[in-house]
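To start, the structure under review is shown below, and the notes come after it.
Only the coordinates and a few stated rules stand behind these numbers; no lab work does. These numbers were taken from a predicted model, which means no experiment stands behind them. Here the Cβ is made from the backbone with ideal geometry for all residues, glycine too, and neighbour counts use every protein chain on show.
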Amino acid sequence: MLQKILAIDRGSKRIGLAWMDEENNTPLPLGYLENTSTVYFDMASLIAQYRITTIVYGYPEGNKGVISKIDKFITSLKFSVPDTVIFHPIDEHYSSTQASNITGDLGSKHISQDTVSAMVILERWKASQM
């Protein structure tokens, strides 16, 4: 089966999303979802639509408050998706800074920083698999 990977950059207001599969092997933007009461339903729909097999998510080293929120988010998300979906935390150290530099070059009208952060996280996961 073709592996399809979703990257998540969870923020308090928005969740940046990017994806790729083994065939194209290039992180692609998926936009973002508002972090509201429907986010788990929205994520489950997206995961089913794209037939996601693996989820990689940004995990900040050392920031206990943010880590706790991400842990709660991922735990809740696991209840909304098939048991076969694999989850991997990825160090997101400086991913927002890197994304800010990229979106600054592109202009904020073209792509959100949250989405670019997810693409950076996906690129880091991809590099860790080599």
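May I ask for the longest run of the chain untouched by GluC sites (Glu not before Pro) that are loop-located per DSSP and have at most 12 neighbouring C-beta atoms (other than their own) within 10 Å? It would help to have the intermediate numbers written out before the result.
Details: sites that count: 22, 23, 61.
Answer - 62-130.
Proximity of backbone amide H atoms, modeled 1.01 Å from N, is registered between residue 92 and 59, 61 at under 5 Å, excluding neighbours fewer than 5 places apart on the same chain.
For each of 56, 120, 85, count neighbouring Cβ atoms within 10 Å of the residue's Cβ, then give the residues from fewest to most. Numbers along the way, then the final one.
Details: 56 22, 120 25, 85 16.
The most exposed by this proxy come first: 85, 56, 120.
Placing unit charges on the Cβ atoms only, positive for Lys and Arg and negative for Asp and Glu, gives the chain a dipole magnitude near 300 debye about its Cα centre. Here the relative contact order of the chain, from alpha carbon pairs under 8 Å that lie six or more residues apart, stands at 33 percent. Annotation: the residues 15, 47, sorted from fewest to most other C-beta atoms within 10 Å of their own C-beta, follow the order 47, 15. Between the beta carbons of residue 86 and residue 12, assuming R0 = 30 Å, the FRET efficiency works out to 0.70 to the nearest 0.05. A dipole drawn for the chain from +1 and -1 charges on Cβ atoms has a positive end, and of 16, 68, 26 the residue lying farthest that way is 68. Within the same chain, lysines fewer than 8 places from residue 13 are excluded, and of the rest, those with a Cα less than 22 Å from its Cα are 64, 69, 72, 78, 109.
Taking chymotrypsin sites (Phe, Trp or Tyr not before Pro) as candidate sites, keep only those in a DSSP loop with at most 14 other Cβ atoms within 10 Å, then name the longest stretch of the chain containing none of them. Spell out each step's value before the answer.
Values: sites that count: 79, 94.
Answer from the scan: 1-78.
Which of (1) 1.34; (2) 0.94; (3) 1.08 is the computed Rg/Rh (Cα atoms, Kirkwood Rh) for the structure on display? Only one option fits the structure, namely (2).
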